[in-house]
Amino acid sequence: MHHKKTSPMARKMSVLGIDIVKLVFHVVGMDNTGTVVLRQRLARVLMLKGAELILTPNACMLEPNQIGQFRARAFENMVGVAMANYAAPQANGHSVAFDGIAFDAHGSRETCLVEAGEEAGVYLAAFDMTQLRAWREHEVWGNAYRKLRAYQLLTVPAIAPPFVRADARR
């Protein structure tokens, strides 16, 4: 499947006249090329800058793998995430929120607070910020044990097959 670059709908998203897409990418010093679904590096940078909750506007046909990636961003960065997506027919809905707290005293727990259907509506997600902050203070993910030496290969600009693309922008 080939994803288009940021959709026209995403480029027009705003709250109180503020272009959210440009604002979010500006916060981390990136431009707004690529899809709007929260990217791994973007989530990591926002977490490193102190984010506890990341709100993501979105405008695409979401599918289960993209929602799984979004869930992973909450887990690996120990943040709450919420994504508002256009309902059908512009996109397919499935706005979603995850609290990022993977375990409690009983073991593994469901992190999904809400997942909308395809129809338009108001969907609320209650984030327990006290619980999230306590989770962040004692668990191993997030920024607690990052091994920066292990990431050096990520900054090498070389691209090897099968990932070479004529239209890549780096």
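The values are calculated or read from the model by the stated rules, or taken from the named source; none is laboratory data. All figures in this text were calculated on a predicted structure; none of them were measured in a lab. With ideal geometry, Cβ positions are generated from the backbone for all residues, glycine too; neighbour counts draw on all protein chains shown.
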Open item on the list: Please count how many residues of the stretch 123-170 are surrounded by 10 or more Cβ atoms within 10 Å (Cβ to Cβ), assigned to a loop (DSSP other than H, G, I, E, B), small (Gly, Ala, Ser) and at pLDDT 85 or above.
Closed with: 1
Open item on the list: Quick test of your reading of the structure: ALA102 fulfils all but one of (1) over 19 Å from the mean Cα position of the chain (by Cα); (2) among the small types (Gly, Ala, Ser); (3) at pLDDT 85 or above. Name the failing condition by number.
Closed with: (1)
Task: Filter result for SER108 (of a type in the set (Gly, Ala, Ser) and buried (at least 16 other Cβ atoms within 10 Å of the Cβ)) - done: no
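Residues checked against (1) modelled with pLDDT of 85 or more; (2) of a type in the set (Phe, Trp, Tyr); (3) part of a strand (DSSP E or B); (4) farther than 12 Å from THR111 by Cα:
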residue: ALA51; (1), (2), (3), (4): yes, no, no, yes
residue: ALA72; (1), (2), (3), (4): yes, no, no, no
residue: VAL81; (1), (2), (3), (4): yes, no, yes, no
residue: ALA88; (1), (2), (3), (4): yes, no, no, yes
Open item on the list: Take the residues in the stretch 36-72 that are charged (D, E, K, R) and closer than 19 Å to ALA116 by Cα; name whichever of them is surrounded by the fewest Cβ atoms within 10 Å (Cβ to Cβ).
Closed with: GLU63
